[in-house]
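Beneath this line is the structure, given in structure tokens, with notes to follow.
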Ligand code: G3P
Ligand code: CA
């Protein structure tokens, strides 16, 4: 059965990467959430997708040039279809605390492929270590050097490189980064590549699967993980198969 992860929370209907989106995801009964982490000027890990606050909040500027206080003063209520109000950019800590009250899995994506946040791997692992959630956390990144660094730092962590380019061999990528899962854009995955990973005990998770036909196709093909903006839709489909 495919595990269903809410991409940036239930971001199809609610402001992405907010507690509202995560809590709405939980209500769908899905297996986990996916979130993105950047670092503030004063070293705090915050849950936001872009390296700037421009698209998803009412502020402007690079996350790394703003303090936590400045970022927390913003309204992060952007949604693809409409603006909500009164949503803050969560700290990673806030999400980890909330996870202690439920049983969701959590895919933490380190957003260190465009901005080099030196030492971010240590920061994230240290933060998670305080919460006794290790078995429920999956670390991922488009930065494959960062994946290798995470493995150096923690031999037991569940770690997945993300990729979106055609021509990548996911089995080789997993082996060369000592990863234990693969996260890929669904456009570059084939059932044959997925099966090759599965033979190596490497689960494959695909983003961002929102389309009903594609959800059905991949669930029936035995995909291990679906990362979707619409966990409610994916859950209904999974229940119907
Ligand atoms: O982790 C899968 C997916 O979230 C990667 O793409 O841009 O939505 O962070 P993006
Ligand atoms: Ca992400």
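Taken together, the values in this text are just the output of simple stated rules run on the coordinates, not laboratory data. Keep in mind that what you see is a predicted model, and the values were worked out from it rather than measured. Neighbour counts run over all protein chains shown; Cβ positions are idealised from the backbone, glycine included.
How big is the Kirkwood radius of the stretch 1-151, worked out from every pair of different alpha carbons and given in Å to one decimal? Final number for the Kirkwood radius of the stretch 1-151 is 15.4 Å. Within the listed set 42, 134, 229, the Gaussian network model of the chain (springs between alpha-carbon atoms below 10 Å) gives the highest mean-square fluctuation for 42. Ordered by the count of other Cβ atoms within 10 Å of each Cβ, fewest first, 162, 33 give 162, 33. The antiparallel fraction among DSSP beta bridges confined to the stretch 3-240 stands at about 15%. Using the Cα coordinates of the stretch 179-227, the gyration tensor eigenvalues translate into equivalent-ellipsoid semi-axes of 17, 11, 9 Å, sorted from longest to shortest. Taking a label point 7 Å from the Cα of residue 58 along the Cα→Cβ vector, which residues of the stretch 79-95 have an amide N closer than 15 Å to it? The answer is 79, 83-89, whose backbone nitrogens lie closer than 15 Å to the label point.
What does the helix-only formula give at 222 nm for the chain: each DSSP H stretch with n ≥ 4 adding -39500 (n - 2.57), the total divided by the residues, and the result rounded to the nearest 500 deg cm²/dmol? Please list the in-between numbers first.
Numbers: 9 runs with 78 residues, N = 241.
Only helices count here, giving -9000 deg cm²/dmol.
For q values of 0.20 Å⁻¹, compute log₁₀ I(q)/I(0) with the Debye formula on a Cα-only model of the stretch 153-195, without solvent. For the stretch 153-195, the Cα-only Debye profile gives -0.59.
Gain on full extension, evaluated as 0.36 nm per residue between residue 221 and residue 81 minus their Cα-Cα distance, stands at 47.3 nm.
Calculated from the alpha-carbon coordinates, the stretch 24-102 shows an Rg and a Dmax of 12.9, 37 Å respectively.
Over all pairs of different C-alpha atoms in the stretch 91-241, the reciprocal of the mean inverse distance, the Kirkwood hydrodynamic radius, equals 16.2 Å. For the chain, set up a Gaussian network in which alpha carbons nearer than 10 Å are linked by springs, and say which option among 183, 49, 135 fluctuates the most. Highest fluctuation among the options: 135. Ordered by the number of other Cβ atoms lying within 10 Å of each residue's own Cβ, fewest first, 159, 227 fall into the sequence 159, 227.
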